[in-house]
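Note sheet for the following structure.
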Amino acid sequence: HDSEQALQVARDAPPDLVLLDLSLPGSDALELCATLKRESATHGSAVVLMTHQLSEEELAEVVNSEADAQVSKPFSPLGLLAIVHECLQRQVAASG
């Protein structure tokens, strides 16, 4: 429902990957992304940002974020699956 609830769920059971909507109600998704990457319990979780049509300034913020990938809405299910697969493959390769 909001970033606090999402963060608590992730802390309780660290996920392999988080699909994070940039327009998460009542919160700053980029700050949540940074927090997930900073905290020891969740720093290994891949984060994929789902975004709406972005302005140049917003796009720069997303590119400079700590997200592992970004997908623009509307997106194809196969395209999203490919991005998720790639992020998880990188995660496996990084863990050795």
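Percent of Cα-Cα pairs per 10 Å bin, from 0 to the last occupied bin, for segment 24-81, please list those.
Taking every Cα pair in segment 24-81, the percentages come to 21, 51, 26, 1.
Report, in deg cm²/dmol and to the nearest 500, the calculated mean residue ellipticity at 222 nm for the chain, where each DSSP H run with n ≥ 4 adds -39500 (n - 2.57) and the sum is divided by the residue count. Please list the in-between numbers first.
Values: 4 runs with 47 residues, N = 96.
After summing the helix terms and dividing by residue count, I get -15000 deg cm²/dmol.
Ignoring ligands, DNA and RNA, what accessible area per residue does segment 1-42 give at 1.4 Å, in Å²? Could the numbers behind the result be given before it?
Values: 2400 Å² over 42 residues.
Accessible area per residue: 57 Å².
Among LEU49, LEU32, LEU78, determine the one that fluctuates most according to a GNM of the chain built with springs between C-alpha atoms less than 10 Å apart.
LEU78
The values are calculated or read from the model by the stated rules, or taken from the named source; none is laboratory data. Note that the coordinates shown come from a computational prediction; the quantities given were computed from them, not determined experimentally. With ligands, DNA and RNA removed, areas are computed over all heavy atoms of the protein, side chains included. Shrake-Rupley method; radii C 1.70, N 1.55, O 1.52, S 1.80 Å.
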